[in-house]
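> Dumping the structure here so I can ask a few things about it.
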Amino acid sequence: MIGALAGRRIDAPGVALPRFPIDRVEAVENRIREALEADKIEILVCAAACGADLLALSAAAKLGVRRRVVLPFSIDLFRDRSVTDRPGPYPWGALYDRFVQEARSSDDLELLSLHPDDPVAYERTNEVILDDALSLATSRGDGTEALAVWDESLRTEHDYTEQFMLAAVRRGIAVRSIGIFGSG
């Protein structure tokens, strides 16, 4: 089974409505690992933002799962905007550096060269993640699953996790919800 994954980033400091508090990191990583094992994911395709992405890459690495990383723009800019901009004692930057380097070394890093201020850059990245997973599954004669790691509550503004799930359904990909707060 090929897994495509997207989900919430760790909450910014002082956020009014918690979506992914730093104290949920260990529990969420465990839930992701359990899903990867249960669904027999052999290749995981995702970005590498702090939160769901890096926790999934970490869980997959522990399980020996091949990891494919898709980034919307340059490695350094993505690191600044989507990895090290969030709090906590968790080593987001070091994990990012490790998984990007490993993906690059195994030819499993895809840089999309999208403009960083393009309002659909992350949406387009989610679509490429899904398309890459489908392509890998087709070439292997395998199935595809979308894993959405989220608080199971839609945002009032544009919600990239919702967009990911809807895009998966449009492609005929089953969606597995992994709840940050304990359900799914």
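> If only one of L130, L166, L77 is assigned to a helix (DSSP H, G or I) and under 17 Å from D39 (Cβ atoms), which one is it? Spell out how you get there, then give the answer.
Working: L166 fails: under 17 Å from D39 (Cβ atoms); L77 fails: under 17 Å from D39 (Cβ atoms).
Testing whether each residue is assigned to a helix (DSSP H, G or I) and under 17 Å from D39 (Cβ atoms) leaves just L130.
> Return the only residue of P87, P119 being assigned to a loop (DSSP other than H, G, I, E, B), out of contact with any strand residue (DSSP E or B) (no Cβ under 8 Å at 6 or more places or on another chain) and surrounded by 12 or more Cβ atoms within 10 Å (Cβ to Cβ).
Working: P119 fails: surrounded by 12 or more Cβ atoms within 10 Å (Cβ to Cβ).
After ruling out the rest, the residue left standing is P87.
> Can you confirm whether L63 is in contact (Cβ under 8 Å) with a residue 60 or more places away in the chain and in contact with a helix residue (DSSP H, G or I) (Cβ under 8 Å, 6 or more places away or on another chain)? It would help to see each step written out before you state the result.
Details: in contact (Cβ under 8 Å) with a residue 60 or more places away in the chain: no; in contact with a helix residue (DSSP H, G or I) (Cβ under 8 Å, 6 or more places away or on another chain): yes.
When the stated conditions are applied, L63 does not pass them.
> Still on this structure: Please work out which residue is nearest to the chain's Cα centre (by Cα), limiting yourself to segment 130-168 and to residues that are of a type outside the set (S, T, Y), surrounded by 19 or more Cβ atoms within 10 Å (Cβ to Cβ) and over 11 Å from A4 (Cβ atoms).
If we take residues in segment 130-168 being of a type outside the set (S, T, Y), surrounded by 19 or more Cβ atoms within 10 Å (Cβ to Cβ) and over 11 Å from A4 (Cβ atoms), then V149 is nearest to the chain's Cα centre (by Cα).
> Follow-up. Hey, can you tell me all the residues within segment 13-35 that are β-branched (V, I, T) and either outside any helix (DSSP H, G or I) or closer than 13 Å to G182 by Cα (or both)? Can you show your working first?
Start the filter on segment 13-35 by keeping residues that are β-branched (V, I, T), which leaves 15, 22, 25, 28, 32.
Answer for segment 13-35, where residues must be β-branched (V, I, T) and either outside any helix (DSSP H, G or I) or closer than 13 Å to G182 by Cα (or both): V15, V25, V28, I32.
> Still on this model: Kindly indicate which of D76, D39 is touching a Gly at 6+ places or on another chain (Cβ under 9 Å) and either modelled with pLDDT of 95 or more or polar (S, T, N, Q) (or both).
Numbers: D76 fails: touching a Gly at 6+ places or on another chain (Cβ under 9 Å).
Criteria check complete, one pass: D39.
The values are calculated or read from the model by the stated rules, or taken from the named source; none is laboratory data. In this text the structure is predicted, and so the values were computed from the model without any measurement. All Cβ positions, glycine included, derive from the backbone under ideal geometry; neighbour counts span all protein chains shown.
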